[in-house]
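All remarks here apply to the structure that follows.
The values are calculated or read from the model by the stated rules, or taken from the named source; none is laboratory data. Quick caveat, the model's predicted, so the values are computed rather than measured. Here Cβ is always computed from backbone atoms with ideal geometry, including for glycine, and neighbour counts include all displayed protein chains. Note: accessible area is taken over every heavy atom of the protein model, side chains too, but ligands, DNA and RNA are not part of it. Shrake-Rupley method; radii C 1.70, N 1.55, O 1.52, S 1.80 Å.
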Amino acid sequence: MPDQHRQILAPLPAASSRILVRGATVISMDSEVGNLPQGDILIVDGAVAAVGLHLEAEGAEVIDAANMIAIPGMVDTHRHSWEGQLRRINSNAASLEDYCNATHFSFAKYYRPRDIYVGNMITALSCIDAGITTVIDNSHNSRTAAHSDAAVEALLDTGIRAVHAAGAPVSGTWDTAHWQGNLARLQDKYFKNHPDGLVTLAMMAQLEPDQWAVARELGIPIVTEFFGGGMAAELDDLHRKNLLGPDNIFNHCTCLPDAGWKILREAGVRVNVCPRSDAHYGIEDGMYAWQAALHHGIRPGLSVDNETSYSGDMFMEMRVAFYLQRVIGASRRLGGHHHAEAPTNAFRLLEAATIDGAACAGLGHRIGSLTPGKQADVVLIRADDLNLYPVNNAIGTVVHAAERSNIDTVIVGGRIRKRGGVVLGVDREKLRSVIDESCTHLFNAAGYQPDPFAESFAPIHLA
């Protein structure tokens, strides 16, 4: 990437050898560790070493977390990070076609590698700012090898934990010749010598067994945009041919019939659901598939999907999920379904945003809970802020009331990335400058005239 882009971010500091988080209200998401009204978290060499009372660690960097709530870092299991500079450009989009008009069919075709870097960078930084320490980056605009490199390098430079799923563009001309060998090239260049690094590799592809075979030769996961009402008919054949497995990650899974859910469960397919995007774009019946997945024994992660229409935080995702599930239950009871699912609770949604999201990303053994031995991805939320105090219920406060501005500290793999409410190592003036330059290029190239009060996004290109 150009040096001026790298100058936005200070080099990542080494992780502190010892950090002691002292006096927090600890929500561990681990039943054996439990929750502590006032406890300590000891981090040693990037991992959680202990969670308990009155821990001591000579020479540790101490974070005074009195009046803070500690939770594991949240996991966004499906985000098109490259679209970062297109935030809320299409706020009233009512369909997937509307979404595509403002992304794939217009601006996507004009992305330079530097634009991919900027999009991924601001998405990753904003995730960290919002307490999302891990993201599955669905990068379906890998137009050239340089575009793919830029996406990976932005994730590495920001210090987020990520699964980068490189995917082919949806529209426009692009360098198709690079695609077949792109994943192997990325693996050799960035991941071969760092198998336990913060960023790992995946493929983004539709129900394309030939493409999946390439990913499986490399031993990497496969991410698929899966809309169950329209694509379920293909599952039986894939399952009979043993082409579905735990290395598959399916997004959305809307309107999937019972037989399809049975196949996904038997094959061990990982699932994430999209409370906001499914409703916002009216995907199939517009209802996210969390309750259906649970009914069939699958615990899905939550995902933001994109920021072209709404915000990028997991707090809002949990809240929308909570209320949609309540609506489903109420409508079923009104319809005479006497065995309708019981209303969900805040803890269950926090599980979806942390430990279940980690499992969806294939990282449940490393993150998702404050368990000794796991990587130290920790978020500290100021509980004495005006909008949160008094905290009469810690879990309810996190799920129903907390927001990005309440996050004091974010630790990723033992490295402090946000402290005192500020993401560290970012030159904000330079950051805004490169974002503005990228937007200007994309808007001019696509012939788009920005209107800050537009009620809709007028299609630019439809081919």
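Here is a yes/no grid of residues against (1) free of Cβ contacts under 8 Å to residues at least 60 places away in the same chain; (2) more than 20 Å from the chain's Cα centre (by Cα); (3) at positive phi:
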{"position": "D258", "(1), (2), (3)": "yes, yes, no"}
{"position": "I263", "(1), (2), (3)": "yes, yes, no"}
{"position": "G268", "(1), (2), (3)": "yes, yes, yes"}
{"position": "V271", "(1), (2), (3)": "no, no, no"}
{"position": "H280", "(1), (2), (3)": "no, no, no"}
{"position": "A293", "(1), (2), (3)": "yes, no, no"}
{"position": "S303", "(1), (2), (3)": "no, no, no"}
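Would you be able to tell me the number of residues in the range 144-183 that are in contact with a helix residue (DSSP H, G or I) (Cβ under 9 Å, 6 or more places away or on another chain), among the β-branched types (V, I, T) and open to solvent by 10 Å² or more (accessible area, probe 1.4 Å)?
3
Would you confirm whether any residue within the range 350-368 is under 30 Å from L201 (Cβ atoms) and among the polar types (S, T, N, Q)?
yes
Just give me the residues in the range 364-397 being within 24 Å of L42 (Cβ to Cβ) and open to solvent by less than 20 Å² (accessible area, probe 1.4 Å), in sequence order.
If the condition is that a residue be within 24 Å of L42 (Cβ to Cβ) and open to solvent by less than 20 Å² (accessible area, probe 1.4 Å), then I367, G368, S369, L370, A376, D377, V378, V379, L380, I381, A383 are the ones that fit.
Restricting to the range 105-132, and then to whatever is among the small types (G, A, S) and open to solvent by less than 10 Å² (accessible area, probe 1.4 Å), can you tell me which residue is farthest from N444 (Cα to Cα)?
That would be G131.
Touching a Pro at 6+ places or on another chain (Cβ under 8 Å), modelled with pLDDT of 95 or more, charged (D, E, K, R) and open to solvent by 10 Å² or more (accessible area, probe 1.4 Å): is that true of R415 in this structure?
Yes: the conditions hold for R415.
Looking at the range 52-62, which of its residues are open to solvent by less than 30 Å² (accessible area, probe 1.4 Å) and in a strand (DSSP E or B)?
Hit for the range 52-62 is G52, nothing else.
Examine the range 133-143 for a residue that is surrounded by 24 or more Cβ atoms within 10 Å (Cβ to Cβ), among the aliphatic types (A, V, I, L, M) and touching a Cys at 6+ places or on another chain (Cβ under 6 Å), and state whether such a residue exists.
Yes - at least one qualifying residue is present in the range 133-143.
Going by the structure shown, is A454 assigned to a loop (DSSP other than H, G, I, E, B), touching a residue at least 60 places away in the same chain (Cβ under 8 Å), closer than 23 Å to S311 by Cβ and open to solvent by less than 70 Å² (accessible area, probe 1.4 Å)?
no
Would you tally the residues in the range 191-226 being open to solvent by less than 30 Å² (accessible area, probe 1.4 Å) and not acidic (D, E)?
Counting residues in the range 191-226 that are open to solvent by less than 30 Å² (accessible area, probe 1.4 Å) and not acidic (D, E) gives 17.
Name the single residue, out of those in the range 420-451 being within 24 Å of the chain's Cα centre (by Cα) and without any contact (Cβ under 8 Å) to a residue 12 or more places away in the chain, that is least open to solvent (accessible area, probe 1.4 Å).
The qualifying residue least open to solvent (accessible area, probe 1.4 Å) is V422.
Go through the range 13-43 and count every residue that is among the hydrophobic types (A, V, I, L, M, F, W, C), open to solvent by 40 Å² or more (accessible area, probe 1.4 Å) and in a strand (DSSP E or B).
Here the count works out to 0.
Check off (1) farther than 22 Å from N444 by Cα; (2) charged (D, E, K, R); (3) open to solvent by 20 Å² or more (accessible area, probe 1.4 Å) for R87 and give me the number that stays unchecked.
Every condition holds for R87 apart from (1).
Quick one: count up the residues across the range 270-290 that are open to solvent by 10 Å² or more (accessible area, probe 1.4 Å) and among the hydrophobic types (A, V, I, L, M, F, W, C).
Summing the residues that are open to solvent by 10 Å² or more (accessible area, probe 1.4 Å) and among the hydrophobic types (A, V, I, L, M, F, W, C) in the range 270-290 gives 2.
Would the range 331-341 turn up any residue that is more than 16 Å from the chain's Cα centre (by Cα), of a type in the set (S, T, N, Q) and modelled with pLDDT under 95?
yes
Specify the residue that is nearest to R415 (Cα to Cα); the eligible residues are those in the range 175-205 that are at pLDDT 95 or above and outside any helix (DSSP H, G or I).
The residue in question is L198.
Being part of a loop (DSSP other than H, G, I, E, B), under 26 Å from Y117 (Cα atoms) and at pLDDT 95 or above narrows it down to one residue among L431, L363; which is it?
Matching residue, one of L431, L363: L363.
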